[in-house]
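Input: one structure, supplied below.
Here, each number is a calculation from the coordinates, and none is a lab measurement. Note that this is a predicted model, so its numbers are computed, not measured. Cβ placement follows ideal geometry from the backbone for every residue including glycine, while neighbour counts extend to all protein chains displayed.
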Amino acid sequence: MSFEIRKIVSYIEETHIEGNKSSETPVTMVGLAVIIRNPWCGKGFVDDLKPEIKAGCSELGKLMVERLCALMGGAEAIEAYGKAAVVGADGEIEHASAVIHTLRFGNHYREAVKAKSYLSFTNKRGGPGTSIQIPMMHKDDEGLRSHYITLEMRIEDAPRADEIVVVLGASDGGRLHPRIGNRYSDLEELAAENGINNDATNH
């Protein structure tokens, strides 16, 4: 592993009740975070980030996906997925982006869960204990609003100024009681409304 790993942290959240209404099937969300030393920190402005990306991102992605899938009870249990990165104060947002926004990293996750949709994400700068949000969507259909969910976690001692927190998120379901429809039903409703308005205008 070319990235220096200080710590690996997992967070599991199981929701049984939402809106004072219980669900027969609780939803489990898992966040897996790896805290690495920022390989570009202290080197001034680095024009070419690719050597470190090529050296470490694929191995990091493979490690994280294997551990996350194990925590979820297998890749087949994952319905929604996402990623995030937080760079410490002495780094650039571009450093966080460099780790997670590369196919060398993300393809391990997409291939493991046989996903069709893209990995939603956040990347930001923060200090130890900062809130980390991992937005997720359905792995096969980005239009399913039921699976627009966000897992929030924090790590009390990370990221340090010279570190990057790299996170993958997974869920075995969407929100407990989704009832706002999806973008497809919206499109049908808007088309119907526009048809009515057009007919009224023509008459």
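For the chain, modelled as a GNM with alpha-carbon contacts under 10 angstrom, which of 58, 120, 185 fluctuates the most?
185
Given 43/83; 43/116; 7/54; 54/139; 62/116, which pairs have Cα atoms separated by over 30 Å? Please list the in-between numbers first.
Details: 43/83 26 Å; 43/116 38 Å; 7/54 22 Å; 54/139 26 Å; 62/116 19 Å.
Too far apart for the 30 Å limit: 43/116.
Determine which residues of segment 15-53 fall in the zone a paramagnetic label at residue 125 would reach in this model, i.e. backbone nitrogen under 19 Å from the point 7 Å along Cα→Cβ.
Residues passing the 19 Å test: 36-49.
Please report the spacing between the Cα centers of segment 83-148 and segment 1-65 in Å, no decimals.
Going from one Cα centre to the other spans 8 Å.
Further question: Rounded to the nearest 0.05, what FRET efficiency is calculated for residue 25 and residue 45 with R0 set to 45 Å and r the Cβ-Cβ distance? Please list the in-between numbers first.
Working: r = 50 Å, r/R0 = 1.11.
Result of the calculation: an efficiency of 0.35.
For the chain, compute Rh as the Kirkwood radius over C-alpha pairs and then the Stokes-Einstein diffusion coefficient at 4 °C and 1.567 mPa s; write the answer in µm²/s, rounded to an integer. Intermediate values should be presented prior to the final figure.
Details: Rh = 18.2 Å.
Approximately 71 µm²/s, per Stokes-Einstein.
Extension gain residue 177-residue 15, at 0.36 nm per residue separation less the Cα-Cα distance, in nm?
Numbers: separation 162, 0.36 × 162 = 58.32 nm, distance 1.14 nm.
Full extension from residue 177 to residue 15 adds 57.2 nm.
Additional query: With a 10 Å cut-off between alpha carbons and a GNM built on the chain, which of 13, 188, 52 moves the most?
Maximum fluctuation in the GNM of the chain, among the listed residues, is at 188.
Cut-off under 13 Å on the C-alpha distance; same-chain residues fewer than 8 positions from residue 124 excluded. Which aspartates and glutamates are left, in chain and number order?
Candidates past the 8-residue exclusion: 90, 92, 94, 163.
Compare the peptides 91-103, 122-134 by average per-residue count of other Cβ atoms within 10 angstrom and give them in order, highest first. Before the final figure, lay out each step's value.
Numbers: 91-103: 19.1, 122-134: 16.8.
Peptide ranking by packing, descending: 91-103, 122-134.
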